[in-house]
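Peer 1: Please see the structure below; I have some questions.
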Amino acid sequence: MNDSHETTAVHRNLWQESGIPPLDYCTIERASKLLNCEIDDIWHWKDRLHIDFYVYADFLDFIEADATIHFKKDADFITDLLLMYPEEVRFTFPFLITSASNEVYIPASESGAYELFYAHKPLTVEDRDNKNVFEQIGKNSFIVRKSIACGLLRVRGSTKRHYHSQECGEPYVRLEATFDCDLYKFKMQSSQIHLSSLSDKNIYITKADLEYLHDAKVNGSFDAAKSKKRYEMAVEQELIPEIKNSNHNAERHAENREKLFKSAIYLLSKYPDECRGKKKEISPEKWRDCIVAHKDEIPPLAITNEDVILRHLRAAANGKG
């Protein structure tokens, strides 16, 4: 009698299929090649809340973020250090102790040293001497205001695909990062900022989300439990606050327009001939060109797209600004 053999399909993981060692992160352009899909598909999965998008910031981008640190258990040996000897802690995150004299040791796995992001201490004048850098807001909780966020940061907020960076309008998002271990939880989030060049070449996806998409490809569907959990988290942490902040966004847009108009009026008074046409009337196009040409003479503008600037100047010239 012949033995019956059950054939079991063995699927290789993403990295075995691609023939390269695992990547901690990559651009969505690279991800589309690894997954053999279109970039449009990746944007769709982001819109459906299956994955997150990230951007990479360096120190010169100067992304200010408020950071919170909550210790889950008694950690007097660390909290005393943060309050009394903040200069011994090199960064807001990770916790890298520079002196052994305090006999404080945090394992690398709990320091955050292996993470893909980090945060510098604030650079404001009053904080340069390290006093009051770590502000205690509870028995085991601290806040660090205006840390400089660097590395791979999650994009929180609505994003729209732009095929060319010059097409970008005024998308306001927050950038954030979290770290959670047995000792403490760290989270930082920027205020709403304007990303003027968010495009496929500088949007990143993490290894975990890449593998999640690959598993869905192999299985023919997304994991129902994980999808539900991610959706609920997005609704609680992103969609609802975004609705609540809609009025705040409108106020921010109005504030940015006001700053633009103040700078525009200043340059109009300083360079009137550059802002007027042949008949000496104000030309919105020439006015816009004057602003671009002399941008170093005015405070940085949140509105940087030249077409958007022109639209606001036309409205102002027509008495509708």
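The values are calculated or read from the model by the stated rules, or taken from the named source; none is laboratory data. Owing to the predicted nature of the structure, the values given are computational and were not obtained by experimental measurement. Note that we place each Cβ from the backbone using ideal geometry, even for glycine, and neighbour counts take in every protein chain shown.
Peer 1: Determine the pairs where a residue that is of a type in the set (S, T, N, Q), located within region 256-271, has a partner that is at pLDDT 90 or above and in a loop (DSSP other than H, G, I, E, B) with Cβ atoms under 9 Å apart, the partner being 6 or more residues away or on another chain.
Peer 2: Hits for this filter: zero, empty list.
Peer 1: Next up: Checking the condition within 21 Å of Met188 (Cα to Cα) and among the acidic types (Asp, Glu), which residue from Asp24, Asp47 passes?
Peer 2: Working: Asp47 fails: within 21 Å of Met188 (Cα to Cα).
Result of the check over Asp24, Asp47: Asp24.
Peer 1: Which of the numbered conditions does Leu195 fail, given that it passes all the others? Conditions: (1) modelled with pLDDT of 90 or more; (2) buried (at least 18 other Cβ atoms within 10 Å of the Cβ).
Peer 2: It fails just one condition, (1).
Peer 1: Restricting to region 132-145, and then to whatever is surrounded by fewer than 17 Cβ atoms within 10 Å (Cβ to Cβ) and within 23 Å of the chain's Cα centre (by Cα), can you tell me which residue is nearest to Ala65 (Cα to Cα)?
Peer 2: Checked region 132-145; the qualifying residue nearest to Ala65 (Cα to Cα) is Arg145.
Peer 1: Only one of these conditions is not met by Ser246: (1) out of contact with any helix residue (DSSP H, G or I) (no Cβ under 8 Å at 6 or more places or on another chain); (2) at pLDDT 80 or above. Which number is it?
Peer 2: (2)
Peer 1: Additional query: Quick one: which residue in Ala100, Ala113 is at pLDDT 70 or above, of a type in the set (A, V, I, L, M) and either surrounded by fewer than 17 Cβ atoms within 10 Å (Cβ to Cβ) or not in a strand (DSSP E or B) (or both)? First the steps, then the outcome.
Peer 2: Working: Ala100 fails: at pLDDT 70 or above.
Of the residues listed, the single one that is at pLDDT 70 or above, of a type in the set (A, V, I, L, M) and either surrounded by fewer than 17 Cβ atoms within 10 Å (Cβ to Cβ) or not in a strand (DSSP E or B) (or both) is Ala113.
Peer 1: I would also like to ask the following. Look through Ser227, Ser283 and report the one residue that is among the small types (Gly, Ala, Ser), touching a Cys at 6+ places or on another chain (Cβ under 8 Å) and at pLDDT 80 or above.
Peer 2: On the way: Ser227 fails: touching a Cys at 6+ places or on another chain (Cβ under 8 Å).
Just a single option satisfies the conditions, and that option is Ser283.
Peer 1: A further question follows. State which residue is farthest from the chain's Cα centre (by Cα) when the search covers only region 198-221 and only residues that are touching a residue at least 40 places away in the same chain (Cβ under 8 Å), over 14 Å from Cys37 (Cβ atoms) and surrounded by 14 or more Cβ atoms within 10 Å (Cβ to Cβ). Write out each step before concluding.
Peer 2: Filtering region 198-221 down to residues touching a residue at least 40 places away in the same chain (Cβ under 8 Å) leaves 198, 200-207, 209-214, 216-218.
Of the ones still in play, those that are also over 14 Å from Cys37 (Cβ atoms) are 198, 201-204, 206-207, 211.
Next cut, surrounded by 14 or more Cβ atoms within 10 Å (Cβ to Cβ) only: 198, 202-204, 206-207, 211.
Details: Leu198: 11, Asn202: 12, Ile203: 10, Tyr204: 11, Thr206: 14, Lys207: 17, Glu211: 22 Å.
Checking each candidate, the answer is Glu211.
Peer 1: Leu81 versus (1) modelled with pLDDT under 85; (2) outside the structural domain of Phe134 (by TED's automatic domain parsing); (3) surrounded by 13 or more Cβ atoms within 10 Å (Cβ to Cβ): which is the lone unmet condition?
Peer 2: Tallying (1) modelled with pLDDT under 85; (2) outside the structural domain of Phe134 (by TED's automatic domain parsing); (3) surrounded by 13 or more Cβ atoms within 10 Å (Cβ to Cβ), Leu81 fails exactly one: (2).
Peer 1: Identify, please: which residue in region 267-321 is hydrophobic (A, V, I, L, M, F, W, C) and not in a helix (DSSP H, G or I) and is, among those, farthest from His194 (Cα to Cα)? Explain how you work it out, then say what you get.
Peer 2: Quick first cut of region 267-321, residues hydrophobic (A, V, I, L, M, F, W, C) only: 267-268, 275, 282, 287, 290-293, 298, 301-303, 308-310, 313, 315-317.
Narrowing the set further to residues that are not in a helix (DSSP H, G or I) leaves 282, 298, 301-303.
On the way: Ile282: 29, Ile298: 18, Leu301: 10, Ala302: 7, Ile303: 8 Å.
Taking the candidates together, the pick is Ile282.
Peer 1: Regarding region 35-43, can at least one residue be identified that is assigned to a helix (DSSP H, G or I), modelled with pLDDT under 95, more than 22 Å from Asp200 (Cα to Cα) and of a type in the set (A, V, I, L, M, F, W, C)?
Peer 2: So far as region 35-43 goes, no, none of its residues is assigned to a helix (DSSP H, G or I), modelled with pLDDT under 95, more than 22 Å from Asp200 (Cα to Cα) and of a type in the set (A, V, I, L, M, F, W, C).
Peer 1: Does Ala65 satisfy being assigned to a strand (DSSP E or B), on the phi < 0 side of the Ramachandran plot, of a type outside the set (Ser, Thr, Tyr) and in contact with a strand residue (DSSP E or B) (Cβ under 9 Å, 6 or more places away or on another chain)?
Peer 2: Considered against the rule, which asks whether it is assigned to a strand (DSSP E or B), on the phi < 0 side of the Ramachandran plot, of a type outside the set (Ser, Thr, Tyr) and in contact with a strand residue (DSSP E or B) (Cβ under 9 Å, 6 or more places away or on another chain), Ala65 comes out as yes.
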